[in-house]
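In what follows, a structure is listed as structure tokens, so that the remarks can point back to it.
The values are calculated or read from the model by the stated rules, or taken from the named source; none is laboratory data. Predicted model, so just to flag it, every value in this text is computed and none were measured. When we count neighbours, we look across all protein chains shown, and the Cβ atoms used for this are built from the backbone with ideal geometry, even at glycine.
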Amino acid sequence: MKKSLWLLLVVAALIAVFAVAGCLQGTTPEEPTEPEEPTTPTPTDYCPTTTTTTWQKLYNNNGYYFQLKIKFDQPVFIQDLACYENVNNWGVEVSRYVPYKWYDSVLTLWKSAVYEAEIDATVTDVKFDGEDTFTLTFTIIDNGDSYLTVDGYDGLICSEADYNSFIELATREDGVAATDGSKYADVISWAFTGTASCGVVYDAQGNPCVDLCELSGSLCCEVTYCEECEEVPNCPIGEGTCL
């Protein structure tokens, strides 16, 4: 009886050893978990927040005309499109600053002068491309100054050649470009002048956005150097920046 009991105790001890060994052998240390990356919340709407404006000069049988392309940073849906494409709901104005010299034949000396004016334009067409861009077509109003429509000058100062042509036509005498200081391109300003009665615009998901009241912008027409300017009185030609 004692011998049998002793054998049972030995067997039980061996089983316990193997069981422990098996547990220890099969245990692997847990690897540290990486913290989860925070997820960016999906926006609830895709309403536009900014616009960019570019311009181009075109020509037809009636002479030169111009276009502004106003592009939203998000696609929009416009319900009352006829209201937003009404030319009477948009305005365009040109700011001009032209220092020049002219020869006073009476005093026989050169004098400095500055032509500075806000020149109105006529918006002749407005089109929305159905996605994110308005195209405004406009012409320069004469305002009684015949040099604004003289052959050889298209109505906007966007280059040094335009600048010199304007001075020659405007002074009608011995005017020349000022040699001391910068020459300035025109600044084109535009604005939606309609009212909230045109209704709100919608984003691509159908969420209502604000109406376009008070939507406006400006840019220098000197493409190479000044594609966009905001609240700039003058745009120096060829200096690579807007002041």
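Condition test on Tyr115, is it in contact with a strand residue (DSSP E or B) (Cβ under 9 Å, 6 or more places away or on another chain), surrounded by 12 or more Cβ atoms within 10 Å (Cβ to Cβ) and either modelled with pLDDT of 80 or more or farther than 30 Å from Ala204 by Cβ (or both)? In short, yes. Taken over segment 110-140, the criterion of being of a type in the set (Lys, Arg) and in contact (Cβ under 8 Å) with a residue 12 or more places away in the chain is satisfied by Lys127 alone.
Scanning segment 82-91 for residues that are at pLDDT 80 or above, among the β-branched types (Val, Ile, Thr) and under 24 Å from Tyr163 (Cβ atoms) turns up nothing. Within segment 15-22, is there a residue that is at pLDDT 85 or above and of a type in the set (A, V, I, L, M, F, W, C)? The answer is no, given that none of the residues of segment 15-22 is at pLDDT 85 or above and of a type in the set (A, V, I, L, M, F, W, C). For segment 188-243, filtered to residues that are over 20 Å from the mean Cα position of the chain (by Cα) and among the aliphatic types (A, V, I, L, M), the residue that is modelled with the highest pLDDT is Val200. Kindly establish whether Asp132 is acidic (Asp, Glu) and either surrounded by fewer than 16 Cβ atoms within 10 Å (Cβ to Cβ) or at pLDDT below 90 (or both). So Asp132 does not fit the description; no. Checked across segment 55-65, the condition of being modelled with pLDDT of 85 or more and of a type in the set (Lys, Arg) holds for no residue.
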